[in-house]
């Protein structure tokens, strides 16, 4: 598969999984966390399928498109290894949906990062809350769910508390 094909598969899968997760968590109260804003495409999509007031973004430095930039009071700036524990203290285990697209272009580095960050993400999820990730994560107490039909296996993952 070409790099372009891999990118398209990731984007198609990300959209499919986020739409699916939004439906599955519609009856759950609680915030939504977007881990990594980037240029804001995914955040912008999430605002169209979820109440924007519920979405909190974790980012080192905001550099998104102006149409895809969250309000300042919903941005947690800093390294996720610092901001995720802060969010746990602030919100507790209340997140109905967490989305992460934090990896880069190096699969080995992404895997090492996923192993380190997974234990900080899991405690934030509410019962029946979902985690959608572009990388395989490593959770001891979350169940991996089947992907929706329009997602490409291996390009996105869904986990449930």
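No lab work stands behind these numbers, since they all come straight from the coordinates. In this text, all values refer to a predicted model and were calculated from it rather than measured experimentally. Here Cβ is always computed from backbone atoms with ideal geometry, including for glycine, and neighbour counts include all displayed protein chains.
Couple of notes before you dig in:
- By the beta-carbon count within 10 Å of each Cβ, the least crowded to most crowded order of 140, 59, fewest first, is 140, 59.
- DSSP assigns beta bridges within the chain; of those with both partners inside it, close to 30 percent run antiparallel.
- Among 66, 146, 31, the residue with the largest mean-square fluctuation in a Gaussian network model of the chain, with springs joining Cα atoms closer than 10 Å, is 66.
- Within a Gaussian network of the chain (alpha carbon springs, distance under 10 Å), most fluctuating of 40, 30, 78: 78
- Here residue 53 and residue 138 are evaluated by their C-beta separation; at R0 = 41 Å the FRET efficiency comes out at 0.85.
- Burial ordering of 47, 156, fewest other beta-carbon atoms within 10 Å first: 47, 156
- Against the empirical curve 2.2 N^0.38 Å, the C-alpha radius of gyration of segment 3-160 lands at a ratio of 0.95.
- Residue of 129, 104, 36 that the Gaussian network model of the chain assigns the largest fluctuation, springs spanning Cα pairs under 10 Å: 104
- Cβ-based exposure ranking for 97, 37, in which fewest neighbours within 10 Å come first: 37, 97
- Once the Cα-Cα distance is subtracted from the 0.36 nm per residue extended length, the residue 93 to residue 2 segment shows a gain of 28.8 nm.
- Expressed as a fraction of 2.2 N^0.38 Å, the C-alpha radius of gyration for segment 1-45 is 1.36.
- In whole angstrom, segment 1-90 maps to an equivalent ellipsoid with semi-axes of 22, 18, 13, each derived as √(5λ) from the alpha carbon gyration tensor and ordered largest first.
- Relative contact order of the chain, pairs being alpha-carbon contacts under 8 Å that are 6 or more residues apart, as %: 27 percent
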